[in-house]
1. Of everything in segment A:80-104, what is in contact (Cβ under 8 Å) with a residue 24 or more places away in the chain, open to solvent by 40 Å² or more (accessible area, probe 1.4 Å) and assigned to a loop (DSSP other than H, G, I, E, B)? Give them in sequence order.
2. Just a yes or no: is a residue in segment A:62-76 farther than 29 Å from residue A:296 by Cβ and open to solvent by less than 20 Å² (accessible area, probe 1.4 Å)?
3. Considering each of A:41, A:37 in turn, give the residue that is of a type in the set (D, E, K, R), in a loop (DSSP other than H, G, I, E, B) and at pLDDT 95 or above.
4. Based on what the data block shows, is residue A:413 closer than 28 Å to residue A:251 by Cα, buried (at least 24 other Cβ atoms within 10 Å of the Cβ) and either charged (D, E, K, R) or touching a residue at least 40 places away in the same chain (Cβ under 8 Å) (or both)?
5. Does segment B:150-157 contain at least one residue that is at pLDDT below 95, more than 8 Å from every other protein chain (Cβ to nearest Cβ) and not in a helix (DSSP H, G or I)?
6. Could you say which residue among B:118, B:114, B:89 is within 22 Å of residue B:36 (Cα to Cα) and at the interface with chain A (Cβ under 7 Å from one of its Cβ atoms)?
7. What number of residues within segment B:93-111 satisfy the criterion of being within 12 Å of another protein chain (Cβ to nearest Cβ) and either in contact with an Asp or Glu (Cβ under 8 Å, 6 or more places away or on another chain) or part of a helix (DSSP H, G or I) (or both)?
Amino acid sequence: MLQRNCVLSLAIALTSLSAFGQNLQILLPERTRLLQDQRVDLVVEVRNAPSAAGLRVTANGTDISARFEGPTQIDLDCNGTTDAVYRANLYGFNTVGNVRVIATLGSAESIKDVTVQPFSPAAGARRKNVILYIGDAMGTAYRDAARLVARSVDTVPGVSGLREGYFDNLLEMDKMPVSGMAMTFASDRLVPDSANTASTWSTGNKIMFNAMGVFPDGTDCAWRAAGRNATTLASLLDNPRLETLWEYLKRRYEYKTGIVTTADVTDATPAGEATHTGHRETRAAITLQYLENPMLAGQPAFDVILGGGIEQFEADKRADRRDLLAEFRAKGFTYATTATEMNAVPASAGRLLGLFRRGNGAALNSSGIRATPDGNMDVAYDKLGLTRPGSEPVVNFNGFTDQPFLDRMTQKAIDILSGPNGDQPFIMMVEAASIDKQSHPNHAAGTIWDTIELDKAVGVGRAWAGRRANNDTLLLVSADHDQSMHIIGVVDVSDEDLFDRTNFQLSMTSPGAGAQTARIFKDAYTNVRAGYNYANPSDAGNTSGREGPPVETFVNFTEINGFPDYLDSNGDGYPENRAQGGRGRRRLSVGFRTGNHTGSVVPVTAEGPGALLFTGYYDQGDIMRKTAAALSSDTTAMDNMLRQINENPNYPKVVGK
Amino acid sequence: MGIAVLTLITLGVAWGGSILPPHVLSFTLNEAPSVLVKKFSGQKPNIVKQPTFRMLQFHEATAHENHSCDGAFAWEFYYDVSGEMQSVTWNGEAPLAVSKLFPTKDRLVFSTETMPGTTAMVFVRRLPGDRVLISNVSSPLQTEVQQAVMMRESAVGRFLPWLARELKADHAASK
């Protein structure tokens, strides 16, 4: 019934579109919020007008028409009509407060209100640094799982770190003094992706699903209908662009900028800091924008780029045949391909490009706009050499056996971005990408250990910031969006069962679904997957197309009392997920509702100057604006108040902090 | 604790594996949304709503291990304001052989400069029922493609005007 109603409403909605007739439109969203002089392409689309000449545009009454080029004739909406576009590229509003932009052409008019936030640091004020950590898909339950696994290990030999419901030692991200929650919706969708969310926290505005640093426009129909490829690339890259905080700080204040990720470096989360495209798949164009950024007069967007994705830089895997590795080196980047090489790069290097993985069998995709598959780095669980549970795939490093861990990458990036004297202001983003990439196929071990890897990188940043003479580094930890993992309980599972790769089949017959067959592994009790005829009817095993009962129907799950007792025998902060001497069998049980993103709010934790701004519930775009406020204003009073709250012996202390 | 299973364990039964996705050539461009949902075994589509078009997007009908979930849909169906389907785009996880999609005798090759310094080349095949099949390629010798677009030939001029001009010229030359 739901499906039928859905398709009926689609038909009705399409029929009513024939009455659409707006003929002048400023391409800004309803709630556009910008920083003072944050650059945006002002685009005015003109439809169904007999003559497109004579556009007048004012901003709070001031005539800014001369900034516009056009009219350029174009077919908007792919309907065969001749329309026109005016553009004022890279426009910045210097007036603070509400700015009313009015475009008029003949009798047609379009009005948009823009809110402009001040950004005027005091002359001579010390510049502050920003490290934004993103656990991709790291909603609350993911942080919980990492805490339960990593912090249940002994803090004293023989004494569990989780006793009577209290942790001896919380995660690094838990110890940050301020927390809030951020809503992550796209401008056109409840459940977002990494592209629009990264663009939202970097530009301060809601962005459409799959897009990066741009607003929609009337030529999107071309790539929507004819695919995303070299033929439609122009319509993918002509959208109105919006400057990111990374670009803004580099352009105005000569900040050093960096992206550190365990994904392909052109994947959405790192790309969101400085690219502009209608769709995240335009990887070749994204790589080019890293080298020749349009907001920075063609200069590189970043000073440090660390992650995977060699293929997007290689001439034989690019349609334009440009050797971007050589071109980055020509612009002063030191190039590293292994952890060993990265570790040897001195802080005086200035610029560093580290690419530690190429996708297995990578080649130019026939679409012409990217190489595939992605060259994501391998996950922490595999880099550690741990044995995967039976239902999770065994890694193929394909020769890339010297990949750095995220904490070492973070330290190296900080060293280079802050400069040899540590006084160069910088902003960087650090991402643990495979919390998400492992969660999609419901690989619990891969997901949880990647979250632990992120936390260790947070520890590096906290330690560095804590050693600073001045409180000059804002640390933020958040997620782009959530996924569906949740904490179920604790189960007792032997290594023999956990690592058994022999699956067994279960058959069942249910009303409506008919005869179904599912494949179960013995690690099912630690990882209650969505994929047993649960939330994804198209998943393997369900031939009916209908949703079936959850896995608890197949497997008699029994939770036990007590807490996990993971062992960290070598003390490196990563439990080995192995039993020894009768201990280590009590494992966390998690479950997945789907293999997709969710629309839940995500946690934000903050430490450093202006951290108190990040308390409460807010939109993900507010992360950018709060960060800007922290950077541009004197936060001494609120920082002192926060210190008093934390250090006052009369106020309760949190166990484990 | 041992595993206690409530339902019948069937040993030795070959697991059915993933549901095969439809082939791009199986579409007529006349499919209503309800027909598409059935063709994708009841998978609920993601619907993109814009004032002048709607899209239905589906994943390939396989387990999540085998497809990217980060916003990339394997199948995208474009309906314009009239409610009529104009195109279907297939974005494949595994490539398809060019010889199966564009047999040599049916294959047209066109190229154009889409942006300064960027040339795009396409294979095109005319199909019955006002349809054309289009794939971007990097060389006339390409043997596999990972994307194919089936579009109404009468609509090509709206989305790819340069290709419409080429097809018109080809049609005139073939008379």
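The values are calculated or read from the model by the stated rules, or taken from the named source; none is laboratory data. Quantities reported herein were computed from a predicted structural model and do not represent experimental measurements. FYI the Cβ positions are ideal-geometry reconstructions off the backbone, even for glycines, and counts take in every protein chain you see. To get the accessible areas, we keep the full protein, side chains included, count just its heavy atoms, and leave off ligands, DNA and RNA. Shrake-Rupley method; radii C 1.70, N 1.55, O 1.52, S 1.80 Å.
1. A:81, A:94, A:95, A:96
2. yes
3. Answer to the selection: A:37.
4. yes
5. Residues of segment B:150-157 that are at pLDDT below 95, as a first pass: none.
No - not one qualifying residue is present in segment B:150-157.
6. B:89
7. 7
Okay, residues lined up against (1) in contact with a Ser or Thr (Cβ under 6 Å, 6 or more places away or on another chain); (2) free of Cβ contacts under 8 Å to residues at least 40 places away in the same chain; (3) small (Gly, Ala, Ser):
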residue: A:287; (1), (2), (3): yes, yes, no
residue: A:290; (1), (2), (3): no, yes, no
residue: A:312; (1), (2), (3): yes, no, no
residue: A:317; (1), (2), (3): no, no, no
residue: A:369; (1), (2), (3): yes, no, no
residue: A:373; (1), (2), (3): no, yes, no
